[in-house]
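S.K.: I have a structure here, written as C-alpha cells, and I will follow up with some questions on it.
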Amino acid sequence: MAQSLESWIESDVRPFEDKSLSYLSQYHFFRDPTRPVSSDPGVFFSPADGILLYQGVVKPDEPVMEIKGVPYTPRVALREPDFDRLSLVIGIFMTFFDVHVNRIPYSGRLSWRAVEPIDTLNHPMLAMEQDLLTELRIDPDRAGYLHHNQRMVNRIDVPALRQSYYVLQIADHDVDAITPFGLRQHRPVFQGRRFSQIRYGSQVELVIPLSEHVEFVPLQRTGTHVQAGVDPLVRVRFPDHEQEGGTAA
C-alpha cells in the first residue's frame, strides 16, 4: 500500500542494507510477489513500484520538470515532436529495492515502440536513487537521464474512455534491459496484470492525455511510495455518472 518515503525505507530497505550486492541482484531484485488483481474502471492503478518524483498537468511543450534549466516535456518524454495533447504526467522512480515487474494501469489494447538512447550509452540513475534513499529528497538536477536514456513507449488504446494513454519505461545505465512479457502489437491487456520488467534501476511514467469526455484526478502525493497494481494513482470521473466500483478478479 502507499507509504511515505520514510516509512517505506524503514520497512523495505533497512532490512536488506547489510546484504551483499550479489545477494540483492540474484535473489531480491527478481522477486515477483503474488498480488490480488483488481478491476476498477474508476481508477488508474500504479504501473510500477516506486517513488512519485513528479506529477502535473502540462501542455505538450511545457515542462513537467526542469533539469538543470532544460525543460522535460511530454514531447521529449514520448519522443514524439508532433504530440499535441494537454496531459497528466506522473513519474515513478524504481529503486534497486523495488519490485521491477510492471503492471497495466487500465485495461485496453497495447502497442509498443522501442526508442534507442540519444547518446551512445544510457546515463546512470544512481545519483537520484542515493538522494532518495539517504537524503529523502527529490533533486530535479539528478534526472538528466530522462533526456537521454532508451525507453519503451507503450500506448494503451481504451475504447471505454474513447482515447489512449501511455506507459513509458526508461532504462538505467548498467543493465539496459526492458523485457516485455508479450511482443504482439495491439494485443488486449487487463488492469493489474503483469506486462513487462525493467532491469535494474529504472523509471516509469504514466502519461494520460486529458479529455472532454472524462476527468482525471491525481490521488497520491509527490514523494509517496506506491505499488504496481495495488495503489490507485488517478481517479476517473465520468460526466454521465456511470457506475464506478471494483471487483476482485
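The values are calculated or read from the model by the stated rules, or taken from the named source; none is laboratory data. Values in this document were obtained by computation on a predicted structure and should not be read as measured data. All Cβ positions, glycine included, derive from the backbone under ideal geometry; neighbour counts span all protein chains shown. Areas reflect the complete protein model, heavy atoms only, side chains present, ligands, DNA and RNA absent. Shrake-Rupley method; radii C 1.70, N 1.55, O 1.52, S 1.80 Å.
S.K.: Give the residue that is nearest to Pro188 (Cα to Cα), with candidates limited to residues of the stretch 80-109 that are touching a helix residue (DSSP H, G or I) at 6+ places or on another chain (Cβ under 7 Å) and among the β-branched types (Val, Ile, Thr).
M.R.: Applying the filter and picking the extreme gives Val89.
S.K.: Which numbered condition in (1) farther than 28 Å from Pro209 by Cβ; (2) open to solvent by 20 Å² or more (accessible area, probe 1.4 Å) is the only one that Trp112 fails?
M.R.: All conditions are met except number (1).
S.K.: So Asn102 ticks every box in (1) over 17 Å from Asp172 (Cα atoms); (2) touching a Pro at 6+ places or on another chain (Cβ under 6 Å) but one. Which box is left unticked?
M.R.: Status for Asn102: all satisfied but (1).
S.K.: Please list, ordered by first then second residue, the pairs with beta carbon atoms under 6 Å, 6 or more apart or interchain, first in the stretch 46-67 and more than 12 Å from Ile90 (Cβ to Cβ), second buried (at least 21 other Cβ atoms within 10 Å of the Cβ) and charged (D, E, K, R).
M.R.: Taking only residues 6 or more apart or on different chains, the pairs are Asp49/Asp98.
S.K.: Within the stretch 210-217, identify whether any single residue is within 14 Å of the chain's Cα centre (by Cα) and either crowded, with 16+ Cβ neighbours inside 10 Å or not aromatic (Phe, Trp, Tyr) (or both), and answer yes or no.
M.R.: First, the residues of the stretch 210-217 that are within 14 Å of the chain's Cα centre (by Cα): none.
Looking for residues that are within 14 Å of the chain's Cα centre (by Cα) and either crowded, with 16+ Cβ neighbours inside 10 Å or not aromatic (Phe, Trp, Tyr) (or both), one finds none in the stretch 210-217, hence no.
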